[in-house]
Amino acid sequence: VYKRQFDTDYIFSNAEDARKALNAMYVHFSHDGFRSRLSNNMTGNTDIEHSGGSSDGARYQIWRIDAQENNGDLGYVWNIGYQAIRDANIAIEGILASEALNAQDAALSREMYNLLGEAYTMRAYWYSMLIFYFGDVPFSTRAPAVNVEFNLPKMDRNAILDSVITDLINIESQMSWADELQFGIEQINREYTLGMIARLALQRGGYYLKPDLTMVREADYLDYYQMAKAYTEKLMTLKDRELPEDFRQVFMNQCKFITPVNSDILFEVPFAVGEGDVG
């Protein structure tokens, strides 16, 4: 236990090692739970894309909205989501406890705040996805440690969304723009976090399906629609960008591994060459 504590203190005492620690959050994008299940098997079913058929395969159960308790695809997504959340929680606790976060070296402090914003945003993204597919889910914001209980009950989806929205609102102004970062839009950045606030606000204010299969939305939904409007306007005011006139070029850039900043894409999952089952 003491060795782990010492290691964590050291790792988050400097930006270089903290960056390596945060990379653990991104690794989970290369897992089948994201690159295959979320990108294909759980994209829904229409009369022209998928057919549920009579197969008992996991993806067919999902496509015909008849997933069983032992559905492996759901398990993949659930597990990978909480693994990414776990690594984000480790980073958040480590950075908040680090003297480097508020160091006199302004460049170091700014980098650490952006890393903190990355971790908050990654955690918010995965809770958003888990809520989208599962509804109320367990909500953990603690890093693994002795005596920390992780067998948690489900929490109301709206309480979770309110919490992660507040995290992002509190951190976004201390983050850096993509064109200021080493990895550009392949690193969580301020513009993506602003976009996530708007996206989460729409999720919080919108209709959702309850376990009794009724669709509802909360009485305060207009507050969240206004929040979405305010944060998209903030992004446009602070860091407006021209949309590409050549739509074909967007796809050419993808194929050539060109990642423009200050364009229409705010964040792009940093797949290694050969990774990603879709695209």
Using the heavy atoms of the protein chains alone and a 1.4 angstrom probe, what is the accessible area of segment 76-190 per residue in square angstrom? 43
For segment 63-118, convex hull of alpha carbons as volume per residue, Å³: 83
When averaged across all projection directions, what area in nm² does the alpha-carbon convex hull of segment 155-238 cover? 6.4
Please label the shape of segment 102-210 as rounded, prolate or oblate, based on the square roots a ≥ b ≥ c of the eigenvalues of the alpha-carbon gyration tensor (a/c under 1.5 means rounded; beyond that, a/b larger than b/c means prolate, else oblate). oblate
Quick one: go through segment 145-165 and flag any residue whose amide nitrogen is under 19 Å from the point 7 Å out along the Cα-to-Cβ line of V216. 154-163
Pairwise label distance in nanometres, W177 with D32, each label 7 Å out on the Cα-Cβ vector: 4.2
Neighbour cut-off at most 15 other Cβ (10 Å), DSSP loop, chymotrypsin sites (Phe, Trp or Tyr not before Pro), segment 214-263: F257
What value in Å³ per residue do you get for the convex hull of the alpha-carbon atoms in the chain? 163
Once the piece of chain linking N102 and N23 is laid out straight, how much longer is it, given 0.36 nm per residue of separation minus the C-alpha distance between them? 26.3 nm
How much length is gained on full extension from K234 to L202, taking 0.36 nm per residue of separation minus their Cα-Cα distance? 9.9 nm
Here P(r) for segment 195-261, Cα-Cα distances in 5 Å bins, as whole percents, is 4, 15, 15, 13, 13, 14, 11, 9, 6, 0
Non-local amide H neighbours of M155 (under 5 Å, H modeled in plane, Pro and chain starts lacking H): which ones? V137, F139
Just tell me which lysines come within less than 20 Å, Cα to Cα, of K229; anything on the same chain fewer than 8 places away is out. K239
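What order, most packed first, do the peptides 195-202, 211-218 have when packing is the mean number of other Cβ atoms within 10 Å of each residue?
195-202, 211-218
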Does segment 223-262 classify as rounded, prolate or oblate by the C-alpha gyration tensor (a ≥ b ≥ c root eigenvalues; a/c under 1.5 gives rounded; else a/b over b/c gives prolate, otherwise oblate)? prolate
Mind listing which GluC sites (Glu not before Pro) in segment 137-213 are in a DSSP loop and have 10 or fewer other Cβ atoms within 10 Å? E149
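The values are calculated or read from the model by the stated rules, or taken from the named source; none is laboratory data. As the structure is a prediction and not an experimental result, all values here were calculated from the model. Note: ideal-geometry Cβ built from the backbone for every residue, glycine included; neighbour counts use all protein chains shown. Keep in mind that these areas ignore ligands, DNA and RNA; they rest on the heavy atoms of the full protein, side chains included. Shrake-Rupley method; radii C 1.70, N 1.55, O 1.52, S 1.80 Å.
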